[in-house]
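K.L.:
Quick one: this structure, given as structure tokens, is what I'll be asking you about.
The values are calculated or read from the model by the stated rules, or taken from the named source; none is laboratory data. Just so it is clear, the model here is predicted, and its values are computed rather than measured. Using ideal geometry, Cβ is built from the backbone for each residue, glycine included, and neighbour counts are taken over all protein chains shown.
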Amino acid sequence: MTSNTVFYGTLIHSLSLAELEVINNGVLIINDKGIIIHLERNVPDLNAFLLKHDFGITKIHRLNPHQFLAPGFVDTHAHAPQYVFSGLGMDLPLLDWLNTYTFPAESSFKSVEYAEKAYTKVVSRFLRNGTTTCSWFATIHLNACQSLTDIIERLGQRAFIGKVNMDQNSPDYYVETTEGSLRDTRLFIDYVNSKKSSLLTPVITPRFAISCTSELMLGLGKLAKEYDVPVQSHLCENHDEIEFTCSLFPDSANYTAIYDDHNLLTDKSYMAHCVHMKDDEVDMLAAKSVGVSHCANSNFSIHSGVCDVRRFLKKGIKVGLGTDVAGGFSPSVLDSIRSSFMASKTMKIMHRDGMTGGSKEYEPLVPSELFYLATLGGAKVLGLEDTIGNFAVGKSLDALWVDLAEGGPVDIFENDTNTQMFEKFLFLGNDQSLLHVFVQGRRVAGTATSI
Ligand code: GUN
Ligand code: FE
């Protein structure tokens with residue numbers, strides 16, 4: 001007996017960077033595993049359609065005119081333990097910020113009880129904000145990383161989870177030995193894999209080159225190959241960081257080459273920030289199919305710089321958005337969209353006013369492109385483009401049931417088209433606009449009490 005579910009109403013998703021599709025009177029059918037088995041456009045009468053085709057439907061969800069279904073957000077870079085100080089400590093640049101606020105805060109995750117409480121809050125908060133997939137940095141502590149994995153599994157998020165590696169240039173209260181770091185990373189990968197969950201992926205997570213010895217990075221490169229898992233890290237975020245990093249690895253041609261020289265750049269790798277990149281480095285990302293996590297809020301908040309995303313897109317480099325909690329203060333990818341919008345407009349202004357030394361012409365990102373980066377673009381960065389990111393048949397229903405009802409953060413007017421409603425959501429919506437949040441067809445969050 002088949003038990004399929006149909007959603008009927010406005011469906012909005014990206015087909016590519018350039019193409020946003022707004023489907024009116026759409027019919028989306030999922031099976032009991034949460035996989036999309038049918039997508040039909042412009043169906044004027046659902047009952048007539050279902051009478052004509054036997055889809056084995058047992059549940060029907062009709063969306064109201066001020067509601068639409070969109071793919072869930074993908075956050076390609078967030079630090080789960082840093083959520084405890086989100087919104088605090090925004091006064092210092094990266095290296096001082098790490099030493100003053102971040103390392104002390106992360107060291108508290110040695111306690112699993114402490115970690116459980118904080119991790120339950122942060123994962124719940126991200127789901128409530130529509131982040132159906134997140135790539136997490138945890139801390140160096142194996143037990144707390146395992147606890148984060150359990151919590152994510154229980155709350156139902158799709159996630160990449162990384163045990164952070166740090167064996168040098170770190171405070172004595174928050175550092176590992178090289179052997180301990182490699183041993184615990186292997187144990188952590190085994191732990192995540194033992195769950196046999198298609199929603200959970202372990203990711204090798206050297207914090208950044210400054211905090212990892214050559215020996216550690218070489219060992220992590222070997223583990224990435226042995227287990228065929230992705231690698232995430234930070235790259236070219238801040239001027240002082242770049243200078244210090246290059247001084248530590250004088251045999252490498254540049255910061256990006258350091259990771260490459262340690263076999264950490266594969267087509268499954270993705271790097272956060274990439275704000276200050278030389279042309280050679282951008283070319284290396286393109287050649288190796290390495291993705292970029294654009295963390296605009298963080299780049300402003302700890303004043304690292306303004307990242308030129310258009311430069312990456314023009315070279316065909318995969319780009320997604322990251323909140324970078326807590327360098328970025330917001331847990332919401334809607335904020336990442338808005339911060340990226342502002343960063344792109346800032347780039348436009350800098351080009352126009354001759355502050356970049358290059359062409360005066362610059363094409364800032366438009367809303368449909370920002371939405372692509374927040375969904376399908378992020379899915380590509382994580383190698384999940386065949387699984388999530390839009391409503392193509394065969395993908396998983398990771399989705400947001402957006403409701404712009406009266407009394408919420410977005411006011412809709414009579415003549416607003418579906419596209420205008422959607423753009424208003426991107427700029428004015430918040431967690432109050434999300435009636436239901438689904439991961440692989442399972443409801444995991446939302447303002448409604450049930451479905
Ligand atoms: N570089 C190394 N560690 C971090 C971190 O925790 N946050 C950010 N934004 N950059 C980093
Ligand atoms: Fe980060």
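K.L.:
Could you pull out every one of the helices (runs of 4 or more DSSP H) wholly within region 366-451 that has 1 or more residues that are under 23 Å from Glu40 (Cβ atoms) and polar (S, T, N, Q)?
P.N.:
367-372, 418-428
K.L.:
Evaluate the following for Ile302: is it away from ligand 2 (no atom under 16 Å from the Cβ) and touching a residue at least 12 places away in the same chain (Cβ under 8 Å)?
P.N.:
In short, no.
K.L.:
Filter region 192-222 down to residues that are within 23 Å of the chain's Cα centre (by Cα) and either without any contact (Cβ under 8 Å) to a residue 40 or more places away in the chain or over 28 Å from Asp96 (Cβ atoms) (or both), then give me how many there are.
P.N.:
12
K.L.:
Only one of these conditions is not met by Ala159: (1) away from ligand 1 (no atom under 16 Å from the Cβ); (2) within 22 Å of Val112 (Cα to Cα); (3) touching an Asp or Glu at 6+ places or on another chain (Cβ under 7 Å); (4) in a strand (DSSP E or B). Which number is it?
P.N.:
Here Ala159 meets the rest and fails (3).
K.L.:
Report the residue count in region 190-225 for those that are polar (S, T, N, Q), more than 16 Å from ligand 1 (Cβ to nearest atom) and either in contact with a Pro (Cβ under 7 Å, 6 or more places away or on another chain) or not in a helix (DSSP H, G or I) (or both).
P.N.:
Within region 190-225, residues that are polar (S, T, N, Q), more than 16 Å from ligand 1 (Cβ to nearest atom) and either in contact with a Pro (Cβ under 7 Å, 6 or more places away or on another chain) or not in a helix (DSSP H, G or I) (or both) number 4.
K.L.:
Consider Leu187 against the criteria (1) more than 15 Å from ligand 1 (Cβ to nearest atom); (2) surrounded by fewer than 18 Cβ atoms within 10 Å (Cβ to Cβ); (3) not in a helix (DSSP H, G or I): it satisfies all of them except one. Which criterion is unmet?
P.N.:
The single condition Leu187 does not satisfy is (3).
K.L.:
Do we have Gly316 as under 20 Å from the mean Cα position of the chain (by Cα), within 16 Å of ligand 1 (Cβ to nearest atom) and within 30 Å of Lys225 (Cα to Cα) here?
P.N.:
So Gly316 fails the test.
K.L.:
OK, next. Report those helices (runs of 4 or more DSSP H) wholly inside region 248-319 carrying at least 3 residues which are in contact with a helix residue (DSSP H, G or I) (Cβ under 6 Å, 6 or more places away or on another chain).
P.N.:
Working: elements: 255-261, 279-288, 296-301, 309-314.
Result: 255-261.
K.L.:
From the list Thr120, Thr76, exactly one residue is more than 30 Å from Gln420 (Cβ to Cβ), of a type outside the set (A, V, I, L, M, F, W, C) and under 22 Å from the mean Cα position of the chain (by Cα). Which is it?
P.N.:
Unique residue meeting the criteria: Thr120.
K.L.:
Tell me which residues, restricted to region 305-338, are within 16 Å of ligand 2 (Cβ to nearest atom), over 19 Å from Pro367 (Cβ atoms) and in contact with a Ser or Thr (Cβ under 9 Å, 6 or more places away or on another chain).
P.N.:
Asp324, Val325, Ala326, Gly327, Gly328, Phe329, Pro331 - these are the residues of region 305-338 that are within 16 Å of ligand 2 (Cβ to nearest atom), over 19 Å from Pro367 (Cβ atoms) and in contact with a Ser or Thr (Cβ under 9 Å, 6 or more places away or on another chain).
K.L.:
Oh, and also: Test Thr356 against the criterion of being of a type in the set (Val, Ile, Thr) and at pLDDT 95 or above, and give yes or no.
P.N.:
So Thr356 fails the test.
K.L.:
Which condition does Gly357 not pass, out of (1) in a loop (DSSP other than H, G, I, E, B); (2) without any contact (Cβ under 8 Å) to a residue 40 or more places away in the chain; (3) over 29 Å from Phe312 (Cα atoms); (4) not aliphatic (A, V, I, L, M), if it passes all the others?
P.N.:
(3) is the only condition that Gly357 fails.
K.L.:
Still on this structure, I have one more. Any residue at all in region 34-57 that is more than 30 Å from Lys314 (Cα to Cα), of a type in the set (Phe, Trp, Tyr), surrounded by 14 or more Cβ atoms within 10 Å (Cβ to Cβ) and under 25 Å from the mean Cα position of the chain (by Cα)?
P.N.:
The answer is no; no qualifying residue exists.
K.L.:
Hey, another quick one. Filter region 223-247 for residues that are polar (S, T, N, Q), over 14 Å from Asp260 (Cα atoms) and either surrounded by fewer than 19 Cβ atoms within 10 Å (Cβ to Cβ) or under 19 Å from the mean Cα position of the chain (by Cα) (or both) and give the result.
P.N.:
Ser247
Condition check ((1) in contact with a Cys (Cβ under 8 Å, 6 or more places away or on another chain); (2) more than 16 Å from Val333 (Cβ to Cβ); (3) touching a residue at least 40 places away in the same chain (Cβ under 8 Å); (4) surrounded by 24 or more Cβ atoms within 10 Å (Cβ to Cβ)) across all residues:
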{"position": "Leu95", "(1), (2), (3), (4)": "no, yes, yes, no"}
{"position": "Leu98", "(1), (2), (3), (4)": "no, yes, no, no"}
{"position": "Phe103", "(1), (2), (3), (4)": "no, yes, yes, no"}
{"position": "Phe109", "(1), (2), (3), (4)": "no, yes, no, yes"}
{"position": "Tyr114", "(1), (2), (3), (4)": "no, yes, no, no"}
{"position": "Ala118", "(1), (2), (3), (4)": "no, yes, no, no"}
{"position": "Arg125", "(1), (2), (3), (4)": "no, no, yes, no"}
{"position": "Arg128", "(1), (2), (3), (4)": "no, no, yes, no"}
{"position": "Ser135", "(1), (2), (3), (4)": "no, no, yes, yes"}
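K.L.:
For Asn64, indicate whether it is under 20 Å from Thr387 (Cα atoms), at pLDDT 95 or above and surrounded by fewer than 21 Cβ atoms within 10 Å (Cβ to Cβ).
P.N.:
Answer is no for this residue.
K.L.:
For the condition without any contact (Cβ under 8 Å) to a residue 40 or more places away in the chain and more than 25 Å from Gly130 (Cβ to Cβ), what is the one hit in Arg310, Arg352?
P.N.:
Details: Arg310 fails: without any contact (Cβ under 8 Å) to a residue 40 or more places away in the chain.
Exactly one of Arg310, Arg352 is without any contact (Cβ under 8 Å) to a residue 40 or more places away in the chain and more than 25 Å from Gly130 (Cβ to Cβ), namely Arg352.
K.L.:
Inspect all residues belonging to region 226-242 and state whether any of them is of a type in the set (A, V, I, L, M, F, W, C), free of Cβ contacts under 8 Å to residues at least 40 places away in the same chain and in a loop (DSSP other than H, G, I, E, B).
P.N.:
no
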